[in-house]
Amino acid sequence: MRISLAWRMQPLRACLHYTYGDSMEQNELKDIIISAGALALAFSLAMAGGIAGMRFLTFEAFLLSLISVSLGFILHELAHRAVARKYGAHAEFRMWRMGIAIALASSLFGWVFAAPGAVYIYPKSDMWGRSSLSKKTNGIISIAGPMTNIVLALAFFAVDKIIPLGPVASLAVSINVWLAFFNMLPLPPLDGSKVFAWDIRLWLACIVLLGLMVGQVSA
């Protein structure tokens, strides 16, 4: 998921602070690390059975979640960031403190609401307030995240066939497929709504493919 904001609406202080380029600022890196760690902890707790299974929580389970879950989420968001910057917009990841709190709280009951943060995109706009990002560009930026999850799912599946990875591979494949499918739903602010608005045929092809993949991992 990504959130677009008009560049002209940002405070002057923020505009002067932001720079175009590919460097990652210290605060952004901190947000990514905290979000990844919180998400891994939340899934570890949920997989252990929530409050009732906390005594079964292990460091190995945390690492499993970090590799299988957090990697898919973070790379999904960074794909949005990279493509948006390629098109001249400023983009940065921001953690959502309330989202992290909800993820950790829900994990105590054996499930996870996973929304620890998102990439915020600030497109340039002209003097009339028109965004520099076209419908097509918005669609390309949006589809980058789900496509990253599909590539990750296929990569884990392929590597597992060569070097058995055990539960790491099965969890990584499932999580990445579900992340891609959920984000491609045509509901704002999900990625699918921008892809749908750009090219309905491409969106339909993606959602059918993901639907088939979801069926496979759920079987």
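Nothing in this text is a laboratory measurement; each read-out follows from the coordinates by a stated rule. All of these numbers come straight from a predicted model, not from anything done at the bench. Cβ placement follows ideal geometry from the backbone for every residue including glycine, while neighbour counts extend to all protein chains displayed.
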Checklist entry - Most fluctuating residue of 177, 119, 159 in a GNM of the chain with Cα springs under 10 Å: which is it? => result 159
Checklist entry - Antiparallel DSSP bridges in the chain: what percent, to the nearest 5? => result 70
Next on the checklist: Taking the alpha-carbon distance from residue 30 and a cut-off under 25 Å, which lysines remain once sequence neighbours fewer than 8 residues away in the same chain are dropped?
Outcome noted: 86
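Okay, helix-only estimate at 222 nm for the chain: each DSSP H run of n ≥ 4 adds -39500 (n - 2.57), divide by all residues, round to 500 deg cm²/dmol; what do you get? Before the final figure, lay out each step's value.
Values: 9 runs with 134 residues, N = 219.
Computed mean residue ellipticity for the chain: -20000 deg cm²/dmol.
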Checklist entry - What order do you get for 194, 161 when you list them from fewest to most C-beta neighbours inside 10 Å? => result 161, 194
Checklist outcome for this item: The aspartates and glutamates whose Cα lies under 14 Å from the Cα of residue 136, excluding any fewer than 8 residues away in the same chain, are 191, 199
Item to check | Calculated from backbone phi, Karplus (6.51, -1.76, 1.60) coupling profile of the stretch 34-48 in Hz, x at Gly/Pro | outcome: 5, 5, 5, x, 5, 5, 5, 5, 4, 5, 4, 5, 5, 5, 7
Next on the checklist: Under 10 Å, Cα contacts only: if you run a Gaussian network model on the chain, which one of 54, 95, 24 comes out with the highest mean-square fluctuation?
Outcome noted: 24
Checklist entry - Ranked by Cβ crowding within 10 angstrom, fewest neighbours first, how are 111, 203, 178, 96 ordered? => result 111, 96, 178, 203
